[in-house]
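Let me begin by presenting the structure, written as structure tokens, before commenting on it.
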Amino acid sequence: MEHNISKNILITGGAGFIGSHVVRRFVSEYENYQVFNLDALTYAGNLENLKDIEDADNYTFIKGDITDTDFVNKLFSKHHFDGVIHLAAESHVDRSITDPLSFVRTNVFGTVNLLNASLGLFRNNPGFVFYHISTDEVYGSLGSHGFFKESTAYAPNSPYSASKASSDHFVRAYGETYGLPFVISNCSNNYGPNQFPEKLVPLFINNIIQKKPLPVYGDGNYTRDWLFVKDHARAIDLVFHQGKKGETYNIGGFNEWKNIELTQLLCRLMDKKLDRQASTSAKLISFVKDRPGHDLRYAIDASKINKELGWEPSVTFEEGLELTIEWYFDNKEWLDHVTSGDYLEYYKKQYQA
Ligand code: NAD
Ligand code: TYD
């Protein structure tokens, strides 16, 4: 897809964590694009994430729910999008364990609504592409060796990953059955500015600031591959513009950490930042009941996107974590807003605080 032609691009879930970085990137890099951000503003969606670009001429926010079929059809008929970048989702594994149906509703039904609405568009527009943003969790769990490749069989273990796997399958099926031009990418764990503090990194940053326990699930020997969110947004830009239609790209940070080691690193960086004595924050570590169905290890082989599109992460983990910590300190108001109200109820239920 060429950058210098004017296009209507729909980004769903653009008020969320990753979505807001993608929206910002597209609005600021591509003046010829009209960027539409469709978001229901659930607990995870926050327009404060986009304050700096909300008045841009090439940006429009639309509040709406991807599970509302009539609304989605009307929106697509009105704007004739040239491309859809689909990030809207229920995204938190722990919430999927207590409320799987809301994951089926948004992640499966909502995605199929968008696919159906896209069918009316691509037949008159050969450049149209539906880009589905997905997760490495669809591949299930690795043992201590090996990597997820694009050819790895799907074996999701949580309601979240099962819903994402299902939506990936629907996207592929629409390509096979109706000829819908699509790309999919499956990315590892993201961290960075604007992440809702239910996920490990921002939750622990917030708890360290407040001297609250750091609830490490099980023995903490679970391994994740971590990627800075802006590197993911850059990868999404590349795949959208240069990815081969009908293909999947794995995106990862080449950066595996056991949860307990990551927590210790975070504690060290936070002690430094807060001018606390070494090991102050590590004393907050508390091993708690394990997550049911907890996947042991995720690790991505990102050699395809590296070789074909020249993408690689731009920051080391330590640099990325320092930038993230800096952001949470500079944005205390953001943190206060998202950790009041519903968040407190969720936290109480999840961690019995
Ligand atoms: P997030 O929870 O921060 O944001 C999700 C956004 O979707 C929110 O703005 C929310 O309001 C919106 N949304 C939810 N339901 C909606 C609905 N029915 N209609 C319209 N909007 C709705 O999620 P995130 O972490 O930014 O993840 C974005 C996407 O990337 C998801 O599809 C997720 O599966 C995928 N992903 C996330 C990670 C990660 O580490 N966070 C890694 C790989 C892939
Ligand atoms: P999370 O940030 O929820 O992402 P995901 O489940 O999508 O990988 O969790 C990252 C890892 O951290 C995962 O192995 C679960 C673990 N974890 C904890 O040990 N304690 C917590 O409070 C949370 C939220 C996660």
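None of the figures in this text is laboratory data; all of them are computed from the coordinates on show. Being a predicted model, the structure only gives us computed values, none of them experimental. Every residue, glycine as well, gets a Cβ built from its backbone with ideal geometry; the counts of neighbours run over all protein chains shown.
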Please label the shape of region 35-112 as rounded, prolate or oblate, based on the square roots a ≥ b ≥ c of the eigenvalues of the alpha-carbon gyration tensor (a/c under 1.5 means rounded; beyond that, a/b larger than b/c means prolate, else oblate).
oblate
Report, to the nearest 10°, how far helix 69-79 tilts away from the longest principal axis of the Cα atoms in the chain, using its own Cα long axis and a range of 0 to 90°.
60 degrees
Restricting to Cα pairs below 8 Å that are 6+ residues apart, what does the relative contact order work out to for the chain? Please round to a whole percent.
17 percent
Here are some pairs, K273/K332; K230/K304; K211/K332; which of them have Cα atoms lying more than 22 Å apart in this structure?
none
Below 8 Å, C-alpha to C-alpha, sequence gap of six or more: please give me the relative contact order for region 260-327 in percent.
25 percent
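Taking square-rooted eigenvalues a ≥ b ≥ c of the alpha carbon gyration tensor, is the chain rounded, prolate or oblate, where a/c under 1.5 means rounded and, failing that, a/b exceeding b/c means prolate? Let's see the in-between values first.
Details: a/c = 1.67, a/b = 1.50, b/c = 1.11.
Verdict is prolate for the chain.
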Figure the gain on full extension for H3 and A282 (residue separation times 0.36 nm, minus the Cα-Cα span) and round it to one decimal in nm.
95.7 nm
Per 0.36 nm of contour for each residue apart, how much would the distance between L119 and K332 grow if the chain were fully extended, relative to their Cα-Cα spacing?
72.3 nm
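Could you put H232, H3 in order, starting from the residue whose Cβ has the fewest other Cβ atoms within 10 Å?
Working: H232 25, H3 12.
Listing H232, H3 from fewest to most nearby Cβ atoms yields H3, H232.
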How far is helix 159-178 tilted off the main Cα axis of the chain, in degrees rounded to 10, range 0 to 90?
20 degrees
Per its Cα gyration tensor (rounded if a/c is under 1.5, else prolate when a/b beats b/c, else oblate), region 61-158 is best filed as oblate
